[in-house]
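Here's the structure, in structure tokens; my notes come after.
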Amino acid sequence: MDLNIFKNIREDIKNSIDVKVFIEELTNFLKNIDEPKTKENLAPISANEELENYRKEGHLYLVTEDRNNEIYLNDFTEKSKVEFKETNLPEEILKDAKEGTMLEYKNGKYEIYSQNGYDMLFKNN
């Protein structure tokens, strides 16, 4: 029986972790990151013209995240899986659009619909 603990640990690490495979997988993952991205595995949004496709008259949008004046929205009306970063919000909306706020897109602009969007979300689920 070999009692050299460090040698045994080194052998265990060498046998159980393939560093090259890990580095390749990490490299491939990082190559697939394309800015800007939505969170998690949601669809990417890359240009303002694409944002227009997500702004739909009369739809409600849940603010899923707000940080440093960046607002992320999810189309509550369509129950969409897409979350996007809205880049064209006026200051008066930015100051009130906190996580959980429900916005309505009306007459070509966003308006505060409810500060209790999460309550609405959980009532529907």
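Considering the conditions (1) modelled with pLDDT of 90 or more; (2) open to solvent by 70 Å² or more (accessible area, probe 1.4 Å); (3) within 12 Å of the chain's Cα centre (by Cα), LEU73 is excluded by exactly one of them, (2).
Does GLU99 qualify as being open to solvent by 20 Å² or more (accessible area, probe 1.4 Å), part of a loop (DSSP other than H, G, I, E, B) and farther than 18 Å from GLU50 by Cα? Write out each step before concluding.
Numbers: open to solvent by 20 Å² or more (accessible area, probe 1.4 Å): yes; part of a loop (DSSP other than H, G, I, E, B): yes; farther than 18 Å from GLU50 by Cα: yes.
Yes, satisfied.
How about segment 30-54: which of its residues are at pLDDT 70 or above and within 17 Å of the chain's Cα centre (by Cα)? Answer for segment 30-54, where residues must be at pLDDT 70 or above and within 17 Å of the chain's Cα centre (by Cα): LEU30, GLU50, LEU51, TYR54. Residue count for segment 54-75 satisfying the condition of being under 14 Å from ILE93 (Cβ atoms), charged (D, E, K, R) and not in a strand (DSSP E or B): 1.
The values are calculated or read from the model by the stated rules, or taken from the named source; none is laboratory data. This is a predicted model, so every value here is computed, not measured. Please note: Cβ atoms are built from the backbone with ideal geometry, for glycine as well, and neighbour counts cover all protein chains shown. For accessibility, only protein heavy atoms count, side chains too; no ligands or nucleic acids. Shrake-Rupley method; radii C 1.70, N 1.55, O 1.52, S 1.80 Å.
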